[in-house]
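The values are calculated or read from the model by the stated rules, or taken from the named source; none is laboratory data. In this text the structure is predicted, and so the values were computed from the model without any measurement. Note that we place each Cβ from the backbone using ideal geometry, even for glycine, and neighbour counts take in every protein chain shown. Surface accessibility is based on the protein's heavy atoms, side chains included, excluding ligands, DNA and RNA. Shrake-Rupley method; radii C 1.70, N 1.55, O 1.52, S 1.80 Å.
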Amino acid sequence: MKAILALEDGRHFEGESFGAAGTRVGEICFNTSMTGYQEVLTDPSYRGQIVAMTYPLIGNYGTNLLDQESQSPHVRGFVIEELSEMASNWRSEMSLNEYLRKWEIPGVQGIDTRALTRHLRTRGAMKACLTTEDISPDAAVQRAIEGEGVIGMDYVREVSTSDIYEWDPNDELSKPWTVCDGRETAQNAPSLPPIRYRIAAYDYGMKHNILRLLRQKGFGVTVVPAATEPREVLALKPDGVFLSNGPGDPAALPYAHAAVRGLMGKKPIFGICLGHQVLGFAFGGSTFKLKFGHRGANQPVKDLRSGKVAITSQNHGFAVDPESLPADVEVTHINLNDGTVEGMRHKDLPIFSVQYHPEAAPGPHDASYFFSQFAELIESSG
């Protein structure tokens, strides 16, 4: 079946449909990771977006339940150059084609993803329509123009938990995975450390691997909805507060800005990705839309204090404006590709954040030490 990917600026690409049939509209973005397509599909930060993978062959190792970063995929559509005809991996439970069909997500292959990526890098992020309907490219372009994008959108309410809950109270989900007798299992993995600190984690669209790593670092985690009031969080008597990743426009979350502002100076705070941007607003700053975003597992970041460079996993389309930050906030990390803010800390309060993903699913593990730094911050603030 033919599929059309039409951009709001009038350019269109034609390819072959896979996954589900139908029409989806959202912001088109590209991810430069060579692996980890299932983690990309199930990352809640992609809510409202159509994702194109720059690596040419996708689907070669299939999909499985363990690699999901949430309960279901969140992308509006999936764009690739070539779909692997077979899933050749002992962990595979379902092909990518079957997986997208199950979750009613349309995909398209046969797209020149290099040309698409170069176009987006030149023209910037924009809305797009992915359709398998028998309509003209011009009609598909019009649907892209009329559809919703990301600017001004609060997708956090769609992906956040509706209830407060304790993560992994029986320590069954957080153990590191090992391979035993040709099967992946947590049964013979090293024991988890005892819980040293209990934290409240705001769920703006949190990935499962964040929760797993927090527990592996000795945190007991109580997850709270994105709109939870500060008094409700403080009633839990946490040792610290964590702000998660998530989708949409950080400027469209005034309730989150106010909640974090109400917790500043009362508990140590650590934020990543959208949590980093929300913290920027709580500081009194603002954000701006990046031309085409940072999405992939190869983003270079420099620590301005040590001079060290890390290769990081990222997924965001907005950045904190450094000129908007008050004098008592220090920029600690920058992106070496474009100089944007990748980390900051408050000079007087126990608060810090990074724009990238220390849990790295998928991606390198260069930044995993930030979870330990959070523990050290809580200990020194006690």
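Being assigned to a loop (DSSP other than H, G, I, E, B), out of contact with any strand residue (DSSP E or B) (no Cβ under 7 Å at 6 or more places or on another chain) and not hydrophobic (A, V, I, L, M, F, W, C) is the filter here, so list the residues in the range 130-140 that pass it. Walk me through it before giving the result.
So the first thing to find is which residues in the range 130-140 are assigned to a loop (DSSP other than H, G, I, E, B), and the list is 132-136.
Right, trim to out of contact with any strand residue (DSSP E or B) (no Cβ under 7 Å at 6 or more places or on another chain) and you get 134-136.
Of everything in the range 130-140, those that are assigned to a loop (DSSP other than H, G, I, E, B), out of contact with any strand residue (DSSP E or B) (no Cβ under 7 Å at 6 or more places or on another chain) and not hydrophobic (A, V, I, L, M, F, W, C) turn out to be Asp134, Ser136.
Scan the range 163-182 and give yes if some residue there is open to solvent by less than 60 Å² (accessible area, probe 1.4 Å), modelled with pLDDT under 90 and of a type in the set (Asp, Glu), otherwise no.
No, because not a single residue in the range 163-182 is open to solvent by less than 60 Å² (accessible area, probe 1.4 Å), modelled with pLDDT under 90 and of a type in the set (Asp, Glu).
Listed residues Gly280, Gly240, Gly284, Gly275; which is open to solvent by 10 Å² or more (accessible area, probe 1.4 Å) and of a type in the set (Gly, Ala, Ser)? So that I can check it myself, show each step before the final result.
Values: Gly280 fails: open to solvent by 10 Å² or more (accessible area, probe 1.4 Å); Gly240 fails: open to solvent by 10 Å² or more (accessible area, probe 1.4 Å); Gly275 fails: open to solvent by 10 Å² or more (accessible area, probe 1.4 Å).
Going through Gly280, Gly240, Gly284, Gly275 in turn, the sole match is Gly284.
Name every residue in the range 331-351 that is closer than 15 Å to Arg305 by Cα and buried (at least 22 other Cβ atoms within 10 Å of the Cβ), in order of residue number.
Matches in the range 331-351: His333, Val341, Glu342, Gly343, Met344.
Could you tell me whether the range 141-153 includes any residue that is part of a helix (DSSP H, G or I), open to solvent by 30 Å² or more (accessible area, probe 1.4 Å) and touching a Phe, Trp or Tyr at 6+ places or on another chain (Cβ under 8 Å)? Let's see the steps before the verdict.
As a first pass, look at the range 141-153 and keep what is part of a helix (DSSP H, G or I): 141-146.
Pick out the ones that are also open to solvent by 30 Å² or more (accessible area, probe 1.4 Å) and you get 142-143, 145-146.
Next, from what is left, pick out any that are touching a Phe, Trp or Tyr at 6+ places or on another chain (Cβ under 8 Å): none.
The answer is no, given that none of the residues of the range 141-153 is part of a helix (DSSP H, G or I), open to solvent by 30 Å² or more (accessible area, probe 1.4 Å) and touching a Phe, Trp or Tyr at 6+ places or on another chain (Cβ under 8 Å).
With respect to the numbered conditions (1) in contact with an Asp or Glu (Cβ under 7 Å, 6 or more places away or on another chain); (2) hydroxyl-bearing (Ser, Thr, Tyr); (3) not in a strand (DSSP E or B), which one is the sole condition not fulfilled by Thr222?
Among (1) in contact with an Asp or Glu (Cβ under 7 Å, 6 or more places away or on another chain); (2) hydroxyl-bearing (Ser, Thr, Tyr); (3) not in a strand (DSSP E or B), the lone unmet condition for Thr222 is (3).
Run down Asp303, Asp328 and say which single residue is in contact (Cβ under 8 Å) with a residue 40 or more places away in the chain, open to solvent by less than 60 Å² (accessible area, probe 1.4 Å) and charged (D, E, K, R).
Numbers: Asp328 fails: in contact (Cβ under 8 Å) with a residue 40 or more places away in the chain.
After ruling out the rest, the residue left standing is Asp303.
Would you be able to say whether some residue in the range 70-82 is surrounded by fewer than 16 Cβ atoms within 10 Å (Cβ to Cβ), under 13 Å from Gln38 (Cα atoms), under 25 Å from the mean Cα position of the chain (by Cα) and of a type in the set (Gly, Ala, Ser)?
Yes, because at least one residue in the range 70-82 is surrounded by fewer than 16 Cβ atoms within 10 Å (Cβ to Cβ), under 13 Å from Gln38 (Cα atoms), under 25 Å from the mean Cα position of the chain (by Cα) and of a type in the set (Gly, Ala, Ser).
Select from the range 119-135 the residues that are open to solvent by less than 60 Å² (accessible area, probe 1.4 Å) and not β-branched (Val, Ile, Thr) and list them in ascending order. Step through it out loud before you land on a result.
Our first condition is that a residue be open to solvent by less than 60 Å² (accessible area, probe 1.4 Å); within the range 119-135, this holds for 119-120, 124-132, 135.
His119, Leu120, Gly124, Ala125, Met126, Lys127, Ala128, Cys129, Leu130 - these are the residues of the range 119-135 that are open to solvent by less than 60 Å² (accessible area, probe 1.4 Å) and not β-branched (Val, Ile, Thr).
Kindly evaluate Leu263 against the criterion of being at pLDDT 95 or above and either open to solvent by 30 Å² or more (accessible area, probe 1.4 Å) or farther than 27 Å from Lys237 by Cβ (or both). Break it down stepwise before answering.
On the way: at pLDDT 95 or above: yes; either open to solvent by 30 Å² or more (accessible area, probe 1.4 Å) or farther than 27 Å from Lys237 by Cβ (or both): no.
No: the conditions fail for Leu263.
Whether any residue in the range 121-129 is among the hydroxyl-bearing types (Ser, Thr, Tyr) and either under 28 Å from Leu83 (Cα atoms) or in a strand (DSSP E or B) (or both) is what I want to check. Spell out how you get there, then give the answer.
Step one: list which residues in the range 121-129 are among the hydroxyl-bearing types (Ser, Thr, Tyr), which gives 122.
With either under 28 Å from Leu83 (Cα atoms) or in a strand (DSSP E or B) (or both) added as a condition, the list becomes 122.
Yes: the range 121-129 contains one or more residues that are among the hydroxyl-bearing types (Ser, Thr, Tyr) and either under 28 Å from Leu83 (Cα atoms) or in a strand (DSSP E or B) (or both).
Sort through Phe374, Phe281 and tell me the only one that's of a type outside the set (S, T, N, Q), touching a helix residue (DSSP H, G or I) at 6+ places or on another chain (Cβ under 6 Å) and not in a strand (DSSP E or B).
Details: Phe374 fails: touching a helix residue (DSSP H, G or I) at 6+ places or on another chain (Cβ under 6 Å).
Unique residue meeting the criteria: Phe281.
Quick one: Leu116 ticks every box in (1) touching a Ser or Thr at 6+ places or on another chain (Cβ under 8 Å); (2) surrounded by 20 or more Cβ atoms within 10 Å (Cβ to Cβ) except a single one, so which number is it?
Every listed condition holds for Leu116 apart from (1).
List every residue pair whose Cβ atoms sit under 6 Å apart, with the two residues 6 or more apart in sequence or on different chains, where the first one lies in the range 241-253 and is under 18 Å from Val224 (Cα atoms) and assigned to a loop (DSSP other than H, G, I, E, B) and the second, anywhere, is modelled with pLDDT of 95 or more and of a type in the set (Lys, Arg).
Pro247/Arg47
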